[in-house]
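Here is the structure we will look at, set down as structure tokens.
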Number of protein chains: 2
Amino acid sequence: MKKFLNSVDTVLTESLDGFVAAHSDILAIGDEHKFVRRKTLKPGKVALISGGGSGHGCLFIVKNYEGDVMNFDMAAEMSDGVLQVVTNDDVAVENSSYTTGRRGVAGTLVVEKIVGAAAEQGMPLPELKALGDRVNAATRSMGVALTSCTVPAAGRPTFDIGHNEMEFGVGIHGEPGRRRDDLKGADAIAEEICTAILGDLGDRAWGPALLFVNGFGGTPSMELYLMYNSARKIFEKRGVTVTRSLVGSYVTSLDMAGCSITLTMLEDETTALWDAPVHTAALRWGM
Amino acid sequence: MKKFLNSVDTVLTESLDGFVAAHSDILAIGDEHKFVRRKTLKPGKVALISGGGSGHGCLFIVKNYEGDVMNFDMAAEMSDGVLQVVTNDDVAVENSSYTTGRRGVAGTLVVEKIVGAAAEQGMPLPELKALGDRVNAATRSMGVALTSCTVPAAGRPTFDIGHNEMEFGVGIHGEPGRRRDDLKGADAIAEEICTAILGDLGDRAWGPALLFVNGFGGTPSMELYLMYNSARKIFEKRGVTVTRSLVGSYVTSLDMAGCSITLTMLEDETTALWDAPVHTAALRWGM
């Protein structure tokens with residue numbers, strides 16, 4: 001295992017410390033390193049919580065993975081005034097190692113950005129829940145892995161994959177996808193993924209959309225932009241107009257080489273919310 | 001070679017097409033795919049050119065590599081009203097495969113951002129040249145590689161490196177560094193790099209600074225933030241106050257796993273210019 005770390009026991013703590021120190025203008029770390037939160041909370045606005053923790057008067061945005069859903073269900077039962085959006089944008093497999101139903105993957109970022117902007121503008125909780133469900137329903141993703149990730153505590157790759165193989169539909173924890181294949185050209189890879197996304201969207205796949213090409217952690221921008229180029233051409237030939245774009249490594253699987261393609265069909269309201277000012281560690285514009 | 005591409009002959013063209021399409025609000029591509037430029041040029045302001053092309057009334061910012069310097073010298077001779085800043089922030093080696101003197105590496109981004117902000121504010125050409133030289137003189141970098149990059153046209157790794165080895169002081173084209181060593185913990189790696197940077201800065205290594213941890217393309221954010229955490233602690237113990245931070249993969253070597261650490265000692269003027277609004281594909285804040 002070749003990673004920058006001191007000890008597998010402290011890798012998460014030290015990485016979080018660095019993350020919060022590098023973004024100390026906007027972030028604070030919670031007790032016992034259990035969560036990262038906004039440094040300044042705005043009273044009177046709905047809080048969004050993603051991936052851990054619990055609270056009161058808030059909206060959970062949870063990727064559809066059994067452990068996550070179970071923990072957030074328990075947290076919601078212990079609190080009043082909590083609603084949940086469970087994302088399930090991955091078209092690769094219907095059920096998987098860790099889910100009943102589809103997995104929630106990179107499309108979760110799109111839901112979080114759009115619902116986050118609406119919460120910032122003061123939208124009440126029930127409307128935020130409805131908006132989150134609507135964006136999730138307009139979003140589809142699928143990924144492809146060229147290599148496995150290596151979990152620090154395990155010290156070896158999560159799965160074996162040949163030097164000329166790729167795994168279509170891989171999950172963000174390295175769980176199996178829909179099939180193993182020989183490595184193909186970028187256009188052929190994009191063709192399979194985009195066709196799956198468009199087929200699943202059906203009649204909705206027409207008009208303005210956000211195209212998000214997401215790296216898994218070990219793939220450089222040069223290749224992600226090339227995949228974006230391939231995917232965009234395919235979508236635009238089939239009636240989708242790419243009006244918003246995001247390319248980079250945001251929803252990652254440690255050091256896995258690979259990427260996912262996410263398409264979110266946009267309306268005027270969701271376009272405006274996507275464009276609304278944002279200042280997070282990952283996304284920043286308009287402020 | 002496991003990369004997302006269609007053909008090694010078209011990889012650059014297709015990647016640039018994707019890059020410009022994804023950032024079509026701010027970027028345009030030049031004839032024959034020879035350069036990428038701002039979509040909207042502002043008359044009356046000095047143009048900065050980095051990495052290729054030539055022009056009139058402009059400032060070239062050139063990393064110190066022999067081929068680059070030679071080409072930009074020729075371009076400057078063919079044009080009037082051109083000045084150059086040659087960056088040479090890499091403390092790893094005094095001369096190298098491709099340079100006489102030190103190499104220009106990730107610190108170039110810091111020079112470009114600060115000089116770019118000053119040009120945007122209308123600073124004249126000679127002052128921009130002096131500012132660029134001053135920021136370069138306040139900047140030191142050193143990198144470490146865990147794996148080689150693979151140039152698409154070559155199809156195999158640029159250099160061989162063992163499963164438990166790292167290369168200290170590697171160049172951004174994969175050229176040899178100062179020494180090969182067994183892989184160490186993050187703190188020990190940061191200690192060697194930060195000590196080299198501080199030793200080279202000498203008496204200047206005191207007070208406010210920008211700490212920039214740069215990934216080479218194949219290393220995920222989690223490890224970069226951990227390295228940032230290690231480096232920050234070392235610098236702060238020795239009299240440097242980290243007042244500005246940047247963590248991410250910006251000055252890359254294709255898919256190489258590894259990172260560099262850059263320290264720029266800041267003054268009030270250069271801090272304000274770093275903070276000035278920027279909207280590029282890589283950096284965006286304040287607008």
The local net charge around B:Ala257, scoring Lys/Arg +1 and Asp/Glu -1 for residues other than B:Ala257 whose Cβ lies under 10 Å from its Cβ, equals -1
Taking R0 as 41 Å and r as the Cβ-Cβ distance between A:His33 and B:Trp206, the FRET efficiency 1/(1 + (r/R0)^6), rounded to the nearest 0.05, comes to 0.80
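Distances over 15 Å make up what percent of all Cα-Cα pairs in the stretch A:90-175?
Value for the stretch A:90-175 (Cα pairs over 15 Å): 66 percent.
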So, relative contact order of the stretch A:139-285 in percent, Cα under 8 Å, 6 or more apart, is 30 percent
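Rounded to the nearest 20 debye, what is the charge dipole size of the protein assembly as shown about its Cα centre when +1 sits on each Lys and Arg Cβ and -1 on each Asp and Glu Cβ? Let's see the in-between values first.
Values: 54 positive and 72 negative charges, 105 e Å.
About 500 debye.
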Here the correct list, in nm and shortest first, of distances from B:Asp160 to the same site in the other copies, label points 7 Å along Cα→Cβ, is 2.4
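Which whole-number percent gives the relative contact order of chain A, counting Cα pairs below 8 Å spaced six or more residues apart?
Working: 569 pairs, mean separation 46.6, N = 287.
Result for chain A is 16 percent.
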Expected vector for the stretch B:104-120, Karplus 3J(HN,Hα) from phi with 6.51, -1.76, 1.60 and θ = phi - 60°, integer Hz, x for Gly and Pro, equals x, 10, 4, x, 4, 4, 5, 4, 4, 5, 6, 5, x, 5, 5, 4, 4
B:Ala130 neighbourhood, Cβ < 14 Å, K/R = +1, D/E = -1, net charge -2
Simple spin-label estimate for A:Asp160/A:Ala130, 7 Å along Cα→Cβ, in nm, reads 5.4 nm
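Can you bin the protein assembly as shown into rounded, prolate or oblate? Criterion: square roots of the alpha carbon gyration tensor eigenvalues sorted a ≥ b ≥ c, rounded for a/c under 1.5, prolate for a/b above b/c, oblate for the rest.
On the way: a/c = 1.45, a/b = 1.40, b/c = 1.03.
Judged from the Cα gyration tensor, the protein assembly as shown comes out rounded (a/c under 1.5).
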Projecting the Cα atoms of A:Cys149, B:Asn136, B:Cys259 onto the charge dipole of the protein assembly as shown, where Lys and Arg contribute +1 and Asp and Glu -1 at Cβ, the residue farthest towards the positive end is B:Asn136
Of the stretch B:257-272, those with amide N under 15 Å from the point 7 Å along the Cα→Cβ vector of B:Thr243 are B:264-272
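Using the Cα centre as the reference, give the magnitude of the dipole from point charges on the C-beta atoms of chain A (Lys, Arg: +1; Asp, Glu: -1; all else neutral), rounded to the nearest 20 debye.
Numbers: 27 positive and 36 negative charges, 99 e Å.
Its charge dipole is roughly 480 debye.
In the P(r) worked out for the stretch A:11-137, what percent of Cα pairs fall beyond 20 Å? Working shown, then result.
Numbers: 3917 of 8001 pairs.
Of all Cα-Cα pairs in the stretch A:11-137, 49 percent lie more than 20 Å apart.
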Here Rg/Rh (Cα, Kirkwood) for chain B equals 0.95
at A:Met78 the sorted inter-copy label distances (label 7 Å from Cα on Cβ side), in nanometres, are 6.9
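Would you calculate a helix-derived [θ] at 222 nm for chain A, using -39,500 (n - 2.57) for each DSSP H run of n ≥ 4 and dividing by the full residue count, to the nearest 500?
Working: 7 runs with 92 residues, N = 287.
Dividing the helical sum by the residues of chain A leaves -10000 deg cm²/dmol.
Can you sort A:Leu254, B:Leu83 from fewest to most other Cβ atoms within 10 Å of each residue's own Cβ? Walk me through the numbers before you get to the answer.
Values: A:Leu254 21, B:Leu83 17.
Listing A:Leu254, B:Leu83 from fewest to most nearby Cβ atoms yields B:Leu83, A:Leu254.
Find, among the trypsin sites (Lys or Arg not before Pro) in the stretch B:1-36, those assigned to loop by DSSP (not H, G, I, E, B) with at most 13 other beta-carbon atoms within 10 angstrom.
On the way: sites: B:Lys2, B:Lys3, B:Lys34; in loops: B:Lys2, B:Lys3, B:Lys34.
Answer in residue order: B:Lys34.
Relative contact order (percent) for the stretch B:175-246, with alpha-carbon contacts under 8 angstrom and 6 or more residues of separation? Please report the intermediate quantities before stating the final value.
Details: 61 pairs, mean separation 29.8, N = 72.
Value for the stretch B:175-246: 41 percent.
How would the stretch A:139-285 be classified by its alpha-carbon gyration tensor: rounded, prolate or oblate, with rounded meaning a/c under 1.5 and the a/b versus b/c comparison settling the rest?
Numbers: a/c = 2.19, a/b = 1.40, b/c = 1.56.
Cα axes put the stretch A:139-285 in the oblate bin.
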Answer in debye to the nearest 20: the dipole magnitude of the stretch B:11-137 about its Cα centre, from +1 Lys/Arg and -1 Asp/Glu charges placed on Cβ, is 380 debye
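Bear in mind these aren't lab numbers, they're just calculated from the coordinates by the rules spelled out. Not measured: the values here are computed from a predicted model. Heads up, the Cβs are rebuilt from the backbone with ideal geometry, glycines too, and the neighbour counts pull from every protein chain shown.
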